[in-house]
1. With the condition kept exactly as written, say whether any residue in the stretch A:233-251 is within 21 Å of residue A:146 (Cβ to Cβ) and modelled with pLDDT of 95 or more.
2. Which helices (runs of 4 or more DSSP H) sit wholly inside the stretch B:222-321 and have at least 3 residues that are under 18 Å from residue B:212 (Cα atoms)?
3. Testing residue B:208 on (1) touching a helix residue (DSSP H, G or I) at 6+ places or on another chain (Cβ under 6 Å); (2) crowded, with 24+ Cβ neighbours inside 10 Å, one condition comes back false. Which one is that?
4. Out of the residues in the stretch B:179-221 that are in contact (Cβ under 8 Å) with a residue 60 or more places away in the chain and assigned to a loop (DSSP other than H, G, I, E, B), which is farthest from residue B:20 (Cα to Cα)?
5. Within the stretch B:20-44, which residues are surrounded by fewer than 16 Cβ atoms within 10 Å (Cβ to Cβ) and within 14 Å of another protein chain (Cβ to nearest Cβ)?
6. Step by step: first the residues of the stretch A:165-185, then only those that are assigned to a helix (DSSP H, G or I) and free of Cβ contacts under 8 Å to residues at least 12 places away in the same chain, then the one that is nearest to the other protein chains (Cβ to nearest Cβ). Which residue is that?
7. Take the residues of the stretch A:151-164 that are within 8 Å of chain B (Cβ to nearest Cβ) and crowded, with 24+ Cβ neighbours inside 10 Å: which is nearest to residue A:112 (Cα to Cα)?
8. Please count how many residues of the stretch B:45-81 are more than 8 Å from chain A (Cβ to nearest Cβ), over 22 Å from residue B:162 (Cα atoms) and touching a strand residue (DSSP E or B) at 6+ places or on another chain (Cβ under 7 Å).
């Protein structure tokens, strides 16, 4: 498809949708996924997910929730230097989106997206140790909190300048395209990042070269304390059309809706059709950091979103529609809880880094390639057999 | 050996590396069919195709950021800033992402940023700067500044093969005015090694880039026994070569076109004071631009940028001390 045709196709998508809702979910909060064929689709059509896939989605969301709860406890105990940042309420976004990734795909994961690190193979002890500045953390104490990416798992870690990683992701996708490799790059960012010029530079370039990249926009309603209405006049997902690729809006608290949008976007990217911007409507249920009392959030708004907790929603769906019983889900929860406890103990056992290493490693002695990440989706096991 | 301009040697080094290694590619504004604002990549698009000689939109953060992404995936991007001054628009990606990735997470970023720098042609405050000190203040970046045609090629080749981000400052005033013998085929100038541009015993001028030529000319016109040490790499500095020359001659003038405060000259002077103080026969002297933006009008620009007469005067004063 020529570039000009892409614009027409997008216009058609928009026509099919009518005017998009400003924040990615319908007015009554019903989950909506739109995936490029012009037809709104009920969330979680899910024919691509096996029963075990669904258990995995639930498990990784739980792992994120319980690990962050554990990290918050460590913070309150004074074991975490600096502050603490979590993605409570946003678990469905990082887990659902990263679940589509194949081993050789690459990621730049942001600070509300712990689930994506777990899906790709980072164990919670390395996350917790990173928060505590321990040598067993992913960065060995060089960087803190969520500022990490495990090189060996194909992840390049974020910096505090949040839109920056979109550019790096675009560069990785450029490499895949230049080498004619069927690989994709995925990154995450909040709606706050969309106000920054770097975000535009990344989108524009990805559109020009139809790069194999999936942009996951988490609209969690606030950039620190700044609400959507002071961040943009027009929902940023609509900008995708002007960059020459589709923008789709999904319920970011519905893990299968996120998965489905990411699946379509990843297939599109892998087959050479270019990028997709997926806006996931969600809510940051905690403050920007643990130091933030989020007094700027209207209580009614928090209350409304708390009725739509992504883990609770998915638990209900698994029971109501997919034949899970509550005992089984409780068992999964217990297993994950025990695993996180073990990981926390391991992290607490990890020593602080030796001061001597502070001045080491500024320069590379040789090029070390990124390794491959884990892929949890059953489709990849099938492909490996094939 | 063949005689080339400094600019021709940059092209030659880049072309040879692109022929040798297909993971090397260049990207920047107007570098494709147009051949770049200074024609360094003239004819490259024809030889290597538009994908490896990638015209980008006017977006310096994108140029640097996409280079980082491509580099971590094993390509070797050579990014061109149309003028070194424009790195300010790509600074975030350079100092926060590229420079720190290896320290933070062991991710190597083999990329080169070509930075046409320097004044002397009424480019004004935004087309004349020598921003090398900005990069040295950002640990994780290597910084080179060739003075000769041979080193323009040799340092570029080394920069491309290095597994770290390297800022390659190419002085625009040398592009077509400096010519020299350049080895054909593979030619490497190792990073981190200074060279003696002119031998002498009475004093040392420690310089890089355009100031090397001023120093050599001054020494010749004064007909004095002056050593000129060409730093070539500014980060990491060749401390041993600096100290050895300072100890031997006992008098040091540090010279560069960049502004003075916290510049390379300040670092070199501090190094010598700390480690070779007792061998000095005179206070270390600096010849640099004063701490002002580079002005446009020729009379103002000449008043700011170090001139040959300034170099001669500084040498005379130091010799007479």
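1. Within the stretch A:233-251, the subset within 21 Å of residue A:146 (Cβ to Cβ) is none.
No, because not a single residue in the stretch A:233-251 is within 21 Å of residue A:146 (Cβ to Cβ) and modelled with pLDDT of 95 or more.
2. B:239-249, B:264-276, B:308-320
3. Result: residue B:208 passes all but (1).
4. This residue is B:202.
5. Within the stretch B:20-44, B:21, B:22 qualify.
6. Initially, the stretch A:165-185 is screened for residues assigned to a helix (DSSP H, G or I), giving A:165-178.
Cutting the leftovers down to free of Cβ contacts under 8 Å to residues at least 12 places away in the same chain gives us A:171, A:175, A:178.
Working: A:171: 2, A:175: 4, A:178: 6 Å.
Restricting to residues being assigned to a helix (DSSP H, G or I) and free of Cβ contacts under 8 Å to residues at least 12 places away in the same chain, the top hit is A:171.
7. Once the filter is applied, the top-ranked residue is A:157.
8. 1
The values are calculated or read from the model by the stated rules, or taken from the named source; none is laboratory data. Computed from a predicted model, the values in this text were never measured in an experiment. When we count neighbours, we look across all protein chains shown, and the Cβ atoms used for this are built from the backbone with ideal geometry, even at glycine.
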